[in-house]
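Structure first, then comments.
The values are calculated or read from the model by the stated rules, or taken from the named source; none is laboratory data. Keep in mind the model is a prediction, meaning the values are calculated, not measured. Cβ atoms come from the backbone with ideal geometry, glycine included; neighbour counts cover every protein chain shown. Side chains are part of the model used for accessible areas, which takes the heavy atoms of the whole protein and leaves out ligands, DNA and RNA. Shrake-Rupley method; radii C 1.70, N 1.55, O 1.52, S 1.80 Å.
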Amino acid sequence: MSLSLLTFRSLSSLPAGSVLGGFRVGAGAPPEPVGWPLQNLSTPVLHGGDPLLEGWVVPEGAPMQAGEHEGVAWRRSGDLLFGVVDVQEAGVTPEPGRSALQQAAFEVYARIFRLLDAQGLPHLWRLWNYMADINGEADGLERYRQFNMGRGDAFEAGARSVVGRVPAACALGVASGPLTVAFLAGPTPIVPVENPRQVSAFLYPDRYGPRSPTFSRAALVHPPGQEILFVSGTASIVGHQTVHAGDVRAQTAESLDNIAAVLDEASAKSRSGPFALGDLGYRAYVRHAADLATVREVVAQRLGDAPVTYLLADVCRSDLLVEIEGQCVR
Ligand code: 3EB
């Protein structure tokens, strides 16, 4: 069995029988239901083809189970499971002291953990988190920080560690839509990778919010016979501080320096050999469409011909202008 990430031009061109789940990103109207878990992001693709259609696929004829569990749409092949859950904040009833987004984040993650426990696949490998108005303030706290509180509470309620062996992730803002979380899970723990240039996100000091974010800088995961490296969303942060505020060119270069440092650490832990910048496929999230040309110029210098999709999205600190993530599937 071998898992791969494919890019498609139209949803109908997907070999539906072999898709675990995937992503549709673009400015246009959301698609009709496709019969497999699809994370839809209503945000423009700035470069790389709008809409972006990506699917995690297994070989034709591989076993496939599917279901829905407390609103989590999932598909499973062997011991690999991909799921998507969307929650409208307006539809949740916050517990006293919790904001709607905090409650939504808690419920999303609590449902994911219950599903994974029921499936006997307890290990989250990679999370894709998107929400509206991520930098907006409500009830005196930035919404991203509210999300972190709900997520962290759910990890603890689900008996998961909030430090150390935590999944790779990204968390971005889009103009509108529900809190949407996609995930890939499996039977084995991740091998966590941190960045010596950065404080681990799960150890950020409380000036960045009451609960630290719950993610590793990268995760090595091992489907049967394979190794996949997921590099989490990576930004212009050194130590725990944003550097190069207001300078998108320098932020892009710093983000790539951070990814290079993460790849060095991942290479030391790899079963499949070292990782170079050119070995990965990337998504770059750009806050201001007008910065696209600058970001692309720096990326092209460093990444050469590696595939990069550019999306319009808000990064989770208001002074960050760009965030880049990637994966290498072997
Ligand atoms: C950072 O390094 C930038 O909250 O899941 C990157 C990746 C970021 C994941 C998350 C946040 C998350 O802190 C932000």
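Gly173: net charge of surrounding residues, Cβ under 12 Å, Lys/Arg +1, Asp/Glu -1, itself excluded? Present the calculation step by step, with values, prior to reporting the outcome.
Working: positive: Arg143, Arg287, Arg317; negative: Asp133, Glu142, Asp314, Glu323.
Result for the local shell: -1.
Can you give me the relative contact order of the chain as a percent, contacts being Cα pairs under 8 Å and 6 or more apart? Each step should come with its number before you reach the end.
Working: 803 pairs, mean separation 54.7, N = 330.
Relative contact order of the chain: 17 percent.
Please compute the per residue accessible area over segment 69-194 with all protein chains in place, 1.4 Å probe, rounded to a whole number of Å².
On the way: 4170 Å² over 126 residues.
I get 33 Å² per residue for segment 69-194.
Excluding Cys316 itself, calculate the net charge of residues whose Cβ lies under 11 Å from the Cβ of Cys316, where each Lys or Arg counts +1 and each Asp or Glu counts -1.
Values: positive: Arg143, Arg145, Arg287, Arg317; negative: Glu142, Asp314, Asp319, Glu323.
Neighbour charge sum, excluding Cys316 itself: 0.
Accessible area of the chain with a 1.4 Å probe: how many percent of it is carbon plus sulfur? Walk me through the intermediate numbers first.
On the way: 6250 of 12230 Å².
Carbon with sulfur: 51 percent of the solvent-accessible area.
Of Met131, Met149, Met64, which has the largest mean-square fluctuation in a 10 Å C-alpha GNM of the chain?
Met64
Hey, if you drop one equal point scatterer on each alpha-carbon of the chain and run the Debye formula without solvent, what base-10 log of I(q)/I(0) do you get at q = 0.07, 0.11, 0.14, 0.16 Å⁻¹?
Log10 I(q)/I(0), no solvent term: -0.24, -0.64, -1.12, -1.57.
Net charge around Val45, counting only other residues with Cβ within less than 14 Å of its Cβ (Lys, Arg = +1; Asp, Glu = -1)?
Values: positive: Arg9, Arg24, Arg283, Arg296; negative: Asp50, Glu54.
Charge balance near Val45 sits at +2.
Where nothing but the Cβ of Lys and Arg (+1) and of Asp and Glu (-1) is charged, how large is the charge dipole of the chain around its Cα centre, in debye to the nearest 20?
Values: 26 positive and 34 negative charges, 103 e Å.
Using Cβ point charges on Lys, Arg, Asp and Glu, the chain gives about 500 debye.
If you count, for each residue, the other Cβ atoms within 10 Å and average over each peptide, how do 108-115, 3-10, 316-323 line up from highest to lowest?
Working: 108-115: 21.1, 3-10: 14.8, 316-323: 23.2.
Packing order, densest peptide first, comes out as 316-323, 108-115, 3-10.
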